[in-house]
Every structure is written in C-alpha cells, then in structure tokens.
There are 4 protein chains.
Amino acid sequence: MSVINQKIPVGILGATGTVGQRFIQLLESHPRMVVAGVGASERSVGKMYKECVNWKLDTPIPEAAGTLIIQPCDPTFFVKSNCRIIFSGLDAAVAGDIELAFLKAELAVFSNAKNHRMNPAVPIIVPLVNSSHFDMIPHQRSLFSLNRGFLITNANCSTTGLVVALKPLQDAFGPLSRVVVTTMQAISGAGYPGVPSLDILGNVVPFISGEEEKMEEEASKILGTVSKTDFSFVTAQDMRLSASCNRVAVIDGHTESVFVEFKQRPAPTIEQIETVLSQYVSEPQRLGVYSAPEKAVVVTHLPDRPQPRLDARIGKGNAVVIGRIRPCNIFDVKFTLLSHNTILGAAGSSIMNAEIAIARGMISD
Amino acid sequence: MSVINQKIPVGILGATGTVGQRFIQLLESHPRMVVAGVGASERSVGKMYKECVNWKLDTPIPEAAGTLIIQPCDPTFFVKSNCRIIFSGLDAAVAGDIELAFLKAELAVFSNAKNHRMNPAVPIIVPLVNSSHFDMIPHQRSLFSLNRGFLITNANCSTTGLVVALKPLQDAFGPLSRVVVTTMQAISGAGYPGVPSLDILGNVVPFISGEEEKMEEEASKILGTVSKTDFSFVTAQDMRLSASCNRVAVIDGHTESVFVEFKQRPAPTIEQIETVLSQYVSEPQRLGVYSAPEKAVVVTHLPDRPQPRLDARIGKGNAVVIGRIRPCNIFDVKFTLLSHNTILGAAGSSIMNAEIAIARGMISD
Amino acid sequence: MSVINQKIPVGILGATGTVGQRFIQLLESHPRMVVAGVGASERSVGKMYKECVNWKLDTPIPEAAGTLIIQPCDPTFFVKSNCRIIFSGLDAAVAGDIELAFLKAELAVFSNAKNHRMNPAVPIIVPLVNSSHFDMIPHQRSLFSLNRGFLITNANCSTTGLVVALKPLQDAFGPLSRVVVTTMQAISGAGYPGVPSLDILGNVVPFISGEEEKMEEEASKILGTVSKTDFSFVTAQDMRLSASCNRVAVIDGHTESVFVEFKQRPAPTIEQIETVLSQYVSEPQRLGVYSAPEKAVVVTHLPDRPQPRLDARIGKGNAVVIGRIRPCNIFDVKFTLLSHNTILGAAGSSIMNAEIAIARGMISD
Amino acid sequence: MSVINQKIPVGILGATGTVGQRFIQLLESHPRMVVAGVGASERSVGKMYKECVNWKLDTPIPEAAGTLIIQPCDPTFFVKSNCRIIFSGLDAAVAGDIELAFLKAELAVFSNAKNHRMNPAVPIIVPLVNSSHFDMIPHQRSLFSLNRGFLITNANCSTTGLVVALKPLQDAFGPLSRVVVTTMQAISGAGYPGVPSLDILGNVVPFISGEEEKMEEEASKILGTVSKTDFSFVTAQDMRLSASCNRVAVIDGHTESVFVEFKQRPAPTIEQIETVLSQYVSEPQRLGVYSAPEKAVVVTHLPDRPQPRLDARIGKGNAVVIGRIRPCNIFDVKFTLLSHNTILGAAGSSIMNAEIAIARGMISD
C-alpha cells in the first residue's frame, strides 16, 4: 500500500489493444508509476482486464493489472483514482476527442495516436531526440487554459527509428539535405487483428496507408525547434525526405534502409558518422530515467545486422540499432536501422516521455 | 521422334540446382527446344535425373527430362548429342571454366553465373531490355576464334527487374541521372539449401553478399550501348545508382522500392511515366518468341500491389509488375516493382535470350 | 454466343469470398458450365465483380466473371438468368436460409457451408468418395416437394482429405474400427481476413472452433450408406474417430497425420494398403468428368512428403496425396495425407459434384 | 575472483552450435556454475568465442563467455581448468567418442546427443521426470571403472515434453497402455544451418529422420525404473507409443497433440487428470535448484493454447504447458502440450540435471 502511494498512479486508455498491452507489460514493475486504471471500449467495460484482453505478448499478464476492472474512456474514474498521467494506446478513430477530454481534465496525456500530432500546439516528442520540445508545454497550457494538464504525442513508429538516427547526425554535422528511406515494417504495427495472415505470409505488402506521409511530415517537425519567441514549431525545413513503406512478415521491429545527404561540404566521413552515432547521448540517458537504454544508438559492425528477430530487443527495445553504415553512390552515406515498433516506437517512448516529465517536475502532486 | 528432331537439342548445366530445375520445368513443352542433356556435379553423374534431383518446384518433374542420365559438366556428351544450346545454372564457384569449355566447343552458352558478366567481350542481356547487345557476338567470336559458339550472360536477378523498369523510361525521356533502390529479395534467389530458416523466418536480413555491387555495375552495362566502331560497351554513364539489398521471407519474387531522377527538365509527369511503362514493347514480344510475356511491363493501379505471392507469376513469370507510381519529394518519381527471380531473373531470361538467338538465325544446324 | 448457350449457366453465392474466388477461378474455362450470376452481401450489390472483390489468388481475375454485376443473394436474378446450378461459398452465418431459398426455387444447390450437412435429408458428398449418396435426391425432393431442385453439401475441408484416404481402405478391407487424426491446417481455410497474422506467423494454433466435431460426425455419414428402404443415412458406425485440429502457417493445403485400425484380422499389410490406395478409382474418374484428377489418391514414396507447399496442386488440387505409409505400434497403419483445402476441400468438390449431377442427367434443361 | 572460485567451473562442448549457445546463455549468471572452457571443432580452436560463434539468440553474447578461447574437444584443457562438469551440445556425428573421453577423464558429462542414450549403463534423465535414475550412477562407475566421472544423457527434445506430461499421469493413475502423439516441431531443433528456408516457409515437412523411433524407445526407458537388484533399466513395458513427427515454421517450441489411454478402469476423469497435472511437483522443484520452474506443468484453460510463439518461454522455458485437455472418442483423454525444445528439450534439462547432481553431492571438489 505504502509503496503504491509513493508511485504515481497512471491510467491506460485502449488498454486491451496491442499498444495498451505493451504499456501494461512495461509498467509492471516500474519504480515510479503504477497502473491504477485501465480504459477500453464499451463492450469490455466492467470486466476484469485479464478476462477480456486477448493477450498477445510472450510474457504472462501482470498479476496486478490483470485484476483491474475495465473503465469507460472518460476522465471520471481516472481523476477520482488520482491518476496524474494517462497513456493512450487508443485507435485514431476515437483518440481525438477522448484524449482532449482527459487533457481538459488536467491530466498529463501521452498519446500514440496520430490525431493531434500535427496540431501547432502539440509536440511530437521522441524521447531520444527532442525532449527540448517540452518547452512548448507552458504555451500549450495557456492556449488550452490548463494548469497542470498537457498533451504530448509520440511519433509514428516508423518515424521514431529514423529520427533517432538522424538527430545525432544533424547535431554534429548540421542540416541534412536529403533522406530517402524504405521501410520493412513489422505486423505488430498494425495492431490486432491487424494484418490478415493471407496478406503477409510469404509476402511483402508495399503499402501502409498514410505511413509515408506521416514519416515525411513528422520527421521535420521532430527534428525542428520550438521558437523561443512565439512557441511555434520551426521545422527542419532544409531537409527533404522521401519514404517508401512496406509491410513484411516480421512480428516486432521495423527495419529501414536509409540514404542520407548532408548539406555540409565536404560531407562527414563514414568513420565520423559511426563515431557520432555510437557516442550519441540522449536526454533520458542524461537524466538517468528508468526506461532509458544504456545506449540510444547501438552501432553494429556485423555485416548482416541489424535483424529484427535478433536485435529488436536490444536496450530493452528502447534503443535503435544501426548497421551497414557505408558510402552511397548518390548521397553521402547509407545504412540500415532497426527499432522496436511497439516499444520505442510506441509504449516505450510514451513511458520515457512521462519519465522525463516526472524528472522535470512537470507532474505535480 | 520426328518432333524431337525438329526441335533444337539443348543441354542444361547445374541441372539439379534451383535455376537448373526452372530450366527443366520451363522447357518441358517448349516448341523449339528439347532437353537432350543434363549436367551436374560428380556425385550425381550416372544417375537418373529424377532420382538424384531434390525437386523443389510445385509442379511434377517433367517425364522426359526425369529419365535423362546426369552427365559430367564437360562438352563431350553434349556435343555428341548434337546440342546447340547450353543453359548454365552453375554456381559461380565452378561456372567460369566450365562455361568457357563449352564456349570453346562452339556451343551457344547462356549463363546465369556472375563470372563472365563484366568481361568486355561478353554481353549481359536482359531479353526485355537490351537484345541489341547480341550485336557484340561477331566481335566476341573473332576474339575467341569461334565460328558458331558464343556466350551470353543473364543479369543478376535483382538487376533484371530494375532495368526492365528503367529501360522504357530511358528510351522515352532520355538519360536517368539518379536511381536509389532498396530490394526485398526472395529466398529462392539463394538456391538450395541456401538461406537457413533460422535466419529468415519472421525476419529480414539486410545484406546479400555482393548484390549491391552487382546491381550498381550491371545496370549501367545493360542500359548502355555497344559501340559500332570498336564493339566495346558504352555504359549508361550519366546514371548513378545506389542499392540496398535485403532478404525477406518470400519464396519467389523480388520486390524493389525505386526512386528515379531524370536528367531531362522538366521531368516527365507521372501520367507520362505510366503510359510509357505500360506501352513498352520489348524485342521478344516483337519477335513473338514462345516465352515472351504478353506485356513486358504490367502497370497496376491497385493501391497495395505488386505483391510477390500474388503477382510474381504474371506473364508466366517473365513480366515485371510495377505499381504505386507516384511523385517523389526528392527525385522525380518513386514506384515499387516486382519480378520473378528464378524465371525472368534467371532461367526465363536465358530461355528468351536463346529464343531471340534462334529467331535471329544465330543457332546454326 | 452459341458456345455459351450450350453451357449450363451457374450462379455463385458468396462470390467475393475465399471459396467464391476459387469457384470463379476454377470455372473460368469450364467446358460445360458458365458463370452467369454472382451473389454477395448487400454492400457489394450493384458493383462490378472485379471492382469489389479483394482478389487473393495468384492468377488474374477471369475477364468474363470480372465484369458481372454483383446480385443480391436471392433467387430472382438467378432464376431469370436461367441458372440451373448454384454454387454456394456463403458463410455459415447466412448460408442456412439463403440456400434453402434457392433450393425452393428449384435450383440444384451445391453448398460449402456446414448448416445443412447433418440434415437427415441432405447428403454430404465428397465426389471422390460417396457419389452414391446422390441416390438420396429423389427422397429429398419428395420431402421438400421439389421437381428439379436439390441440395448437396460438401464436407468440411479437413474431413474431405481424410475420407478420400479411408474410403478405398474400407472398400477393400472392410470396416475401420479406429482412426486417430491430427491436422495441420492452412490459413486459407479460415477465409479472409480470417486468421490474424499475429496469431500464426512463426506459430501453431492448436484449436479451430467446431472442426474436430465436424470431422468426427461428418466422416461416419460420408463413409456410411443410404438405406434403400427408407433413404436414411446408415453411418459407418463401427468406426470411431478422434481428431485434434491445428492451424499452421501454410497458405493452402491441409496436412493430416492419420493412425488407422481395421476391424479385419489379420489386418492388411502395408503393401496391400499402398496398392489399394494407389489403385483407387473414384466415380468422377470413371465418368470422365472435366475436373476429375487423373488419380484420386497419389501415393508418394519420397521420405518427407507430402508437403503442402509442393504437393497441394497435384491433380489440379483435386487429388489427395498420401505418403509415409508405415506400420503403427498401436493401430495397423499410420500415414500422412495432404489435400488442397479450397479446391478439393471446397470449390473443387462442389464443381465435381455438379459435374457428376450433369453426367447423371440430374440437371434438366 | 572469489565468487568465481566458489562456483563450479564447467565446460561446454559444441559451444558454438545451437544447443551450445543456449548453454552459454542460460549459464551467464548461474549462481553455482561458471563457464570455464568452451570446446568446438578444429576450425574454431584458438579463436575467441564471440568472434567465431554465429550467435542466433535474441539476447547479447554474455561478456565473460564471449572472451573465452575455443579449445579442442579433448579433456586436457578442461581437466587443467579444474572443470568438474561438462555440458555437451555436440552433434551425434562426433559426440560418441568425445563424450567417452571426457567420461574416462573423470568428469561429470551431461550430453544432449543420442549416441549413448540407449546404452544399458547410461540413464536418460529428464529432470522433471526421472531424477531417480541417478541411482544408476554407482553401477555405471563400477562398469567404467570410474571414481568421480559419470555420464547422463538428455532425452530427445520431442520426447522430453511428452514424458513430462505422462509421468504425473502414470504416477497417479498407474500404467498407461497406449499413447498416440503427433508433433509439430520447431526449426531450432535441427540446429544451424539446419532446415533450409525453402523447405519450411509456408510449409510442413512431415518427417524428421529417426525422431519417431527415438520418441518410441526413449519414452519407455525414461518412464521405467532402475532395478534395485541388478541396476538394469526396467522399461514401462505396458505402454505402447506411436509417434508421427512433423516440422513446422516455428522458431522455438515443440507442440504435440497427444491421445492417451490408461490401463486402469474406470479411467480417471478429465478433472482428475487436470488436477494431477497442475499439482505435479518434480524433483528440481523439491530441491529448489536454480533452474527449476515454479511449476513443472502449467495447465492452461484458454481454448486455443498452448501456442509456441506465446507460451514457449513459460517457466523460463523449463516448464511444459498443457492445454485442451478433453475427452477422446477412442482413448481416455487427448490434449496439446508445448515445451521449449532448446531449453527444457536440451540445454535447460542438462543444466537442471547438473543442478540435481550438485544438490545430491555427486560433484566432488
């Protein structure tokens, strides 16, 4: 009881879904947060979590969360339960209004849905990349007339891995001019039931609705800055990005073939690029928060890595693995990156964002 | 008997391998050629084909070829059997010398191995692209002091699909300046036993040894021309190509995400590109040879196609399917292409090359 | 025009589904039947077939059927179009009443749904096994007060392969006493979207709802006889059958491990069993109907076959492949069988049943 | 240093193989054992482990073991290094003689190879089942003229899961009379490179060489007893077992459909069977050894479980999960079981056997 009291109570919306299950799993023994409420759709409300979830992870349902009763996705119960933080794994079809309701109830909302990402008052924060965008929050609160609540979104899962690779390069070598990326994305990214097996077994599906557009627009917002004067987002406008997104028969882990051109001439060498990537230290690492990976970027020199089946869990799924860093005939460098799409690419980033917020004192009692 | 006499006897080297099996399958009821000899490694010599092949195709072993006795991979038997054409599915480890021996025995050799592809006297012919490179043969014969024999190579399977897409664009709109391509290649491309299942099930392997280099150097040879003066190859030197090659859990069919920039300004529109691709007519179609696909390039407008499991057999595996033709933020156009790696990408191209040679009267009695 | 007039017009219900697509594919160039109508659910009615079907087969949509307009699943249009035969690929959720309506409209209905299978007036006919059960039709017509219409069901796909293996054994060696069977079933058996990829990629799901019960009850009806006195079904009551059904990551083809005990003592030898299986001739073969496989049962002596990816298309998907016939420590024999679940196990059997009915003169003008 | 000194130094033979890698992984932070030597084939000898292993597990190579130098597979180094225990993951092609040499060098050898399993002086011990067979060791030592050394084998991976399910039933309800089992086995059971991807992707291979024979003969030795008079093995001779073994596209975890008949009449009820299975306590649990699972048998009531992808890691891979316990039309009960083939089915059992030996004081200083 006393331990729970010391932890911050959090709520999970869309708790029975693919991302919701990851939240439940990752928060099981979190030292600073405890799951105090789980929300899901009407047909689950009132049932015990473990009895209505179609659990698809390869670890057991956590005992404590398993016995929680599913609540409706409105703030009443969560406010009453003293939740300070709301993690939303809601589907975009319903996330928009629900997340706003929780925001207006003065909760700190960490969303995985796309609905509010491009809102000029809402940051997309990839914790290994742009925690500086928390600076936008006072402005957001004033716009929404809030005292304590705020809304932070995650990036799309395929954007997340990419910007973690690009950020150290941009920091070290200045603006990127052109980035071509082809993704090979895991099926867990589509949720459950998600991708029909007849579509993906022994196959590649060269299309994920809206995905390329998301990568192209989110990346320049994330890699941009927050204006100190008017708190608007200043996008990384020198950078042009072109994406081609594919679904492959992989459970977890998005693999991306990336081709990068720098603005700076002469361009950095391959060795310089490797050094910068492997020495990159992100804010969660500096703050020492619980979910921070030991290294934000793990550079591998094995010739045929990273591979999603073997490497997606590196850094507990919160690191990006980069390999095959080599010269490009057209741009300056090409490489392959891998990130865990439901950990770093979803629940893990939300949790690290919350940990940063806690560390910064943004979650009041 | 008389029918067989009218057909041209052909030999298949490496007949028990993955590509060799495709030759046997595709030639089963060929109207102009009949398999008269099959060569394989020492341990199979003297055995009946059907008793030593580890047949991995989903159609039965053809009756006639099944009862042939495996021969050593030297020309003696094949010359005695009156073979005019040799299809080589030999592994690169042994193909070099063996193919030369057959060439010197005055046979028309169609090779799938990489060994002689970059030889300045040997063309790489993708039959849907550059049958004009047969013009090199007289020069080749004079260099090798041959009367009837000649040696034609196929392109690497991942190169093949790409150049079929690029050739119509180059013909219609002039030189290409930059091509970025990321491949997602089928396991059958690695032969048998080839890729271990522990490596590829639920996984992506972002590396295929030598593959990117092959794509980069072969494409500009194939898309280049043969000099009328000294019969040297003039490469498509304006074109820079950068490839990233990946293995995915697909049986047959290489999928490629392609980004293309033209030299011409203004660049052609998406509609012009679609029109040129879908109206492209290749030499095998003009000649009406047996294996020619109805359309060399099949343009699909379905939003999530081409897909290897569903589309690789289009045009009996001898066509390239192109979809998702759309504008690119960086270059002029991006699209996804699919080609069958062991048909058009290997045995099918060799057979069409032989059909072209027959049609051109290059296979003498 | 004249050719079409000579063919019997047929309708397909549930035409956009997995089984419906197989009907469309298999009937494309049928010599005696032509698809004259396609029925599907309300949301597709009025649209052109090729524009609303989510086609998942690896051959193109047949031209003629592709331009048909989807009709509602009631008999009006089909009767008006002079259809004599209705193939139903409807889902069990709706098949019951719709199929009855077509039956009452005096059409010959061939159903793949489970709804009417255990009806004492409706035969389950596996064409390679018990076409003798057509003898029930006059009785059925009198019960339903019909002149021309009748209703024949297919067996469940996993039952179908099994009874094709058991029937020749029962014919030759007398009643079977015990049959234990474990299935490894393809995902296409669950339709589309069907099995979520997260459930089956790299996995086995040891449960298919209702499947074991279907196998256990259907098999004894199919392997039984129709009483000449009261036209009731006399089940193969000596036979006890116990099934365990599993879903595996296979596109098409159900594999079954079967253990069989005969009543007769001494039991037949393995050689006798192989001989009887490989020499079995079914009614469709005797009648020489279009879809009959050359052999109903293909016995393979390769040590590691049958395999679904390589062997499911044998006999155009209308044969059963049996291998590994060997002694059993407990019963008399064990073996592995394979059948194509959407061809022989669904659409193919319906079509052969219709062909038998045509051959028997049961489809009047 | 002192901690290492307190731990028992152990050697791993075949350390770079699939089972060898599991040993390295599972022993990484073992409280009582430390890897002091790694042996592999000639071509690796002298290299650092992490530089010659083709590591295929999804956790990183342990630091300490990673820097060990590969030794030849003879006892010299291992004896010199004071190893007391040898874990052998050697291939059967070489395991026979090598393991004997280590035995003669007075080491405690725990083998995963089949070579000595049916030796009348060598027990096959599945630690969750028949640790009582350690009673054979004094007799074995006297036969081999040994003071300290002994040789214990593991069961074949598919046998292991089965006997863990059968043992509690036999203990509670007396002899089993008949057991029919069909396996669906993971590819990791075949080692690396092992199963070619062309054989298993989207496929089932209904044959694993020697596997059915192993299951049939090992099970009755394991479920039998050691005679107190002459120390011979008394097999569970009332039990007849018939197996059908299949390979499926699963990474880790063998699934088995099991049909069981008891000798006792009336047979136990399904409820009694469930109770006995879920309450089973094995020797490693009683001893409280480090690798013992909390429950040896985990009974699941979810309708579609166990599933290898989701459940193979239960009990850290050292438990057997049993589900779908239900009546059988022919025998008394049928169910589905799952065990992790490279943990409980290989390295995990060897380690638990060693832990039992340590607990019993059989590993002298």
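The values are calculated or read from the model by the stated rules, or taken from the named source; none is laboratory data. Computed from a predicted structure; not experimentally measured. As a convention, Cβ positions derive from the backbone with ideal geometry for all residues, glycine included, and neighbour counts pool all protein chains shown.
Below, the figures for the structure above:
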read-out: Subset of segment D:213-231 that is among the basic types (K, R) and crowded, with 18+ Cβ neighbours inside 10 Å - its residue that is nearest to D:R313 (Cα to Cα); value: D:K214
read-out: Test result for C:T76, part of a helix (DSSP H, G or I) and among the hydroxyl-bearing types (S, T, Y); value: yes
read-out: Selection status of B:N112, closer than 24 Å to B:L337 by Cβ, touching a Ser or Thr at 6+ places or on another chain (Cβ under 8 Å) and modelled with pLDDT of 95 or more; value: yes
read-out: Within segment C:39-73, tally of residues that are surrounded by 16 or more Cβ atoms within 10 Å (Cβ to Cβ) and either β-branched (V, I, T) or assigned to a strand (DSSP E or B) (or both); value: 5
read-out: One residue from A:P138, A:P123 being of a type outside the set (A, V, I, L, M, F, W, C), over 16 Å from A:G89 (Cβ atoms) and buried (at least 23 other Cβ atoms within 10 Å of the Cβ); value: A:P123
read-out: Filtered residues of segment D:1-27 (kept if part of a helix (DSSP H, G or I) and either of a type in the set (S, T, N, Q) or free of Cβ contacts under 8 Å to residues at least 40 places away in the same chain (or both)); value: D:S2, D:V3, D:I4, D:N5, D:Q6, D:T18, D:Q21, D:Q25
read-out: Only one of D:G191, D:G174, D:G210, D:G202 that is buried (at least 22 other Cβ atoms within 10 Å of the Cβ) and either outside the structural domain of D:F102 (by the TED database) or in contact with a Ser or Thr (Cβ under 8 Å, 6 or more places away or on another chain) (or both); value: D:G202
read-out: Positions within segment D:185-207 being of a type in the set (S, T, N, Q) and more than 7 Å from every other protein chain (Cβ to nearest Cβ), in sequence order; value: D:Q185
read-out: Residue that is aliphatic (A, V, I, L, M), modelled with pLDDT of 95 or more and more than 22 Å from B:P127 (Cα to Cα), where the choices are B:V333, B:V297; value: B:V333
read-out: Criterion violated by A:E217 - all others in (1) modelled with pLDDT of 95 or more; (2) under 19 Å from the mean Cα position of the chain (by Cα) satisfied; value: (1)
read-out: Identity of the residue in segment C:337-365, polar (S, T, N, Q) and surrounded by 24 or more Cβ atoms within 10 Å (Cβ to Cβ), that ends up farthest from D:N246 (Cα to Cα); value: C:N353
read-out: Verdict on D:F150 being at pLDDT 95 or above and not assigned by the TED database to the domain that holds D:A93; value: no
read-out: Where B:I325 falls short, out of the listed (1) closer than 30 Å to B:L13 by Cβ; (2) within 13 Å of another protein chain (Cβ to nearest Cβ); value: (1)
read-out: Options A:K334, A:K295: the member that is surrounded by 23 or more Cβ atoms within 10 Å (Cβ to Cβ), of a type in the set (K, R) and on the phi < 0 side of the Ramachandran plot; value: A:K334
read-out: Any hit, segment A:28-38, residues being buried (at least 17 other Cβ atoms within 10 Å of the Cβ), outside any strand (DSSP E or B) and not charged (D, E, K, R); value: yes
read-out: Residues (within 14 Å of chain C (Cβ to nearest Cβ) and either of a type in the set (K, R) or closer than 15 Å to B:I12 by Cα (or both)) located in segment B:62-110; value: B:G66
read-out: Test: D:K316 is within 14 Å of chain C (Cβ to nearest Cβ) and among the basic types (K, R); value: no
read-out: Lone unmet requirement of (1) within 25 Å of A:E211 (Cβ to Cβ); (2) more than 8 Å from chain B (Cβ to nearest Cβ) for A:S244; value: (2)
read-out: Residues that are surrounded by fewer than 17 Cβ atoms within 10 Å (Cβ to Cβ) and polar (S, T, N, Q), drawn from segment B:232-277; value: B:S232, B:T235, B:Q237, B:Q264, B:T269, B:Q272, B:T275
read-out: Filter result for B:T300 (touching a residue at least 60 places away in the same chain (Cβ under 8 Å), more than 20 Å from B:F87 (Cβ to Cβ) and within 14 Å of chain A (Cβ to nearest Cβ)); value: no
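Yes/no matrix, rows are residues, columns are (1) touching a residue at least 40 places away in the same chain (Cβ under 8 Å); (2) surrounded by 23 or more Cβ atoms within 10 Å (Cβ to Cβ); (3) among the polar types (S, T, N, Q):
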| position | (1), (2), (3) |
| --- | --- |
| A:A92 | no, no, no |
| A:L103 | yes, yes, no |
| A:N119 | no, no, yes |
| A:I187 | yes, yes, no |
